[in-house]
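Written below as structure tokens is the structure these notes are about.
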Amino acid sequence: MKFCSRSSVAVALSAIAMGAIAACSPTTSQDTTNSTDAADSGDSTEAVVNLYSSRHYDSDDELYAAFTEETGIEVNLIEGKEEELIERIKSEGDNSPADVLMTVDVGNLWRAQEAGILQPIESEALTTAIPTNFRDDANEWFALTKRARVIIYNPDEVDPSELSTYEALAAPEWAGRVCIRSSSNIYNQSLVAAKIAELGEDKTLAWIEGVVANFAREPEGNDTAQIQAVASGVCDVAIANTYYVGRLMRSEDPADQDVVSNIAVFFPNQESGGAHVNISGAGVAVNAPNKENAIAFLEFLVTPEAQQLFADGNNEYPVVESVTANEVVRNLGDFKASDLNVEQYGELNPKAVQLMDKAGWK
Ligand code: FE
């Protein structure tokens, strides 16, 4: 890949190693379904925060360790799929030990909010650090990172001058050349929701019908699989999140390096609304027994130290504007991001799912 030199990868990796040394205390990882004393009193004196997270990145452990080191508050991590965690908090009800729900994609945060399992909080640190379009206006959830969903192309088959927008991938010249994961994937649902917000329903339906007609294969696999499919010639273009590219670029596996050498990244819609940006984020659970600790935890996650750990650990874009992405991701290039309020992607999610179904997007 032309914009990534080996030396830049080495610099980024050594920066992570330094971060790891600074935050090396162990993270407690245990289930805490028996902390009903705290729930009963409504206000715990325990120095813990019970974190329900669907983020499955090992690098997040470094963040929790850094928080514990700084505050003395232990992080009890309960991991699961987003739907399972939302259901669990709902069914635990008043006795739920959940303090914080952390998940990827604003669509999931919106579903949690709709399910009534989050509560509004007051935090000047959060509202100051996070731009308005990346947090709920009722303060029930907040973005912690940003992810750009972009076009990946095979430079042997596609000249970047042929690329322009997401919408243009519906044109007949892309017939049999497009890879993208299934319509059950919330990243795609949010992308379609963003287009509904920009273009309206009719134009969005026509767009996705065109894209579906251009599929190189039935949707299969995650974003990494789409990038691999471009590299191996199954398709010429794909849509994927940039952190999957960053992960491959920083991998020492020769197979991953081979993939990286056969693809390039294109930021679409630079002359129009900007590239689609989604978030990963969190909110305080509605019956949080350790509410103060939960707020302290969220506030920690938007400090420059934590934002840097997010950026280096999972190659995401920091939500706090003063913190920069890691060098590998920065080398993908500057780009114009959509400034839509991401809250709309949640609100328009049911409509997006309906249109994708109508368009025959499997
Ligand atoms: Fe992902």
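Extension gain E83-S182, at 0.36 nm per residue separation less the Cα-Cα distance, in nm? Numbers along the way, then the final one.
Numbers: separation 99, 0.36 × 99 = 35.64 nm, distance 1.75 nm.
Separation in residues times 0.36 nm, less the Cα-Cα distance, equals 33.9 nm.
Place a point 7 Å from Cα of A175 in the direction of its Cβ. Which residues in segment 194-224 have their backbone N less than 12 Å from it?
Residues 213-215 qualify, since their backbone N sits under 12 Å from the label point.
What FRET efficiency comes out for E220 versus E292 if R0 is 41 angstrom and r is the Cβ-Cβ distance? Round to the nearest 0.05. Don't jump to the answer; show the numbers that get you there.
On the way: r = 45 Å, r/R0 = 1.11.
Rounded to the nearest 0.05, the efficiency is 0.35.
Can you tell me the 0 to 90 degree angle between the C-alpha axis of helix 201-213 and the longest principal axis of the chain, rounded to 10?
60
To the nearest 0.05, how large is the calculated FRET efficiency for K351 and D159 if R₀ is 41 Å and r is the Cβ-Cβ distance?
Details: r = 35 Å, r/R0 = 0.86.
Plugging the Cβ-Cβ distance into 1/(1 + (r/R0)^6) gives 0.70.
Identify the GluC sites (Glu not before Pro) of segment 59-143 meeting these criteria: DSSP loop state and at most 14 other C-beta atoms within 10 Å of the C-beta.
Working: sites: E62, E69, E70, E74, E79, E82, E83, E84, E87, E92, E114, E122, E124, E140; in loops: E122, E140.
Filter output for segment 59-143: E122.
Where a Cα-Cα gap under 20 Å defines reach, which lysines qualify for K291, not counting those fewer than 8 residues away within the same chain?
Reachable lysines: K90.
What trypsin sites (Lys or Arg not before Pro) in segment 65-155 are in a loop by DSSP, with at most 13 other Cβ atoms within 10 Å of the Cβ?
On the way: sites: K81, R88, K90, R111, R135, K146, R147, R149; in loops: K81.
Here the sparse-neighbourhood loop sites are K81.
Under 5 Å between amide H atoms, partner at least 5 residues away or on a different chain: which partners does S53 have, H built in plane at 1.01 Å?
Residues meeting the criterion, in which the H sits 1.01 Å from N, are I78, E79, G80, M102.
Rg and Dmax of segment 73-162 over Cα atoms: what are they, in angstrom?
Both quantities, over Cα of segment 73-162: 17.7, 58 Å.
Over 10 Å intervals from 0, what percent of Cα-Cα pairs in segment 281-359 sits in each interval?
With 10 Å bins starting at 0, P(r) equals 15, 29, 33, 21, 3.
With a 1.4 Å probe and every protein chain left in place, work out the accessible area per residue of the chain in Å², rounded to a whole number.
On the way: 14520 Å² over 362 residues.
Heavy-atom SASA per residue in the chain reads 40 Å².
Want the number for D58 to Q270: 0.36 nm per residue separation, take away the alpha-carbon distance, what's left? Walk me through the numbers on the way to the answer.
Working: separation 212, 0.36 × 212 = 76.32 nm, distance 3.32 nm.
Fully extending the segment from D58 to Q270 adds 73.0 nm.
At q = 0.12, 0.16, 0.19 Å⁻¹, what is the log10 ratio I(q)/I(0) for segment 215-362, with the Debye formula run over Cα points and no solvent?
For segment 215-362, the Cα-only Debye profile gives -0.68, -1.12, -1.33.
Where the eigenvalues come from the Cα gyration tensor of the chain, what are the semi-axes √(5λ) of the equivalent ellipsoid, largest first, in whole Å?
Numbers: eigenvalues 250, 119, 56 Å².
Ellipsoid semi-axes (Å, largest first): 35, 24, 17.
With only alpha-carbon atoms in the gyration tensor, what are the semi-axes of the equivalent ellipsoid for segment 143-261, in Å, largest first? It would help to have the intermediate numbers written out before the result.
On the way: eigenvalues 110, 62, 30 Å².
For segment 143-261, the ellipsoid semi-axes come out as 23, 18, 12 Å.
Compute the acute angle (0 to 90°) between the alpha-carbon long axis of helix 291-301 and the principal axis of greatest extent of the alpha-carbon atoms of the chain; round to the nearest 10°.
Value to nearest ten degrees: 40.
Which whole-Hz couplings ³J(HN,Hα) result when phi for each residue of segment 346-361 is put into the Karplus expression 6.51 cos²θ - 1.76 cosθ + 1.60, θ = phi - 60°, listed in order with x for Gly and Pro?
Running phi through 6.51 cos²θ - 1.76 cosθ + 1.60 with θ = phi - 60° gives x, 4, 8, 4, x, 5, 4, 4, 4, 5, 5, 5, 4, 7, x, 6 Hz.
Search the structure for amide H atoms under 5 Å from the amide H of N269, placed 1.01 Å from N in the peptide plane, and list their residues when 5 or more places away or on another chain.
Amide H to amide H, under 5 Å and 5 or more residues apart or across chains, N269 pairs with T165, Y166.
Return the distance in nm (one decimal) between the two label points of a simple spin-label model at D202 and A125, each offset 7 Å from Cα along Cα→Cβ.
With each label placed 7 Å out from Cα toward Cβ, I get 5.0 nm.
What is the chain's relative contact order, in percent, from Cα pairs under 8 angstrom and six or more apart in sequence?
Details: 725 pairs, mean separation 103.3, N = 362.
Here the relative contact order equals 29 percent.
The values are calculated or read from the model by the stated rules, or taken from the named source; none is laboratory data. Remember, predicted model here, so these are calculated numbers, not experimental data. We place every Cβ from the backbone using ideal geometry, glycine too, and count neighbours over all the protein chains shown. Ligands, DNA and RNA are excluded from the accessible area calculation, which covers all protein heavy atoms including side chains. Shrake-Rupley method; radii C 1.70, N 1.55, O 1.52, S 1.80 Å.
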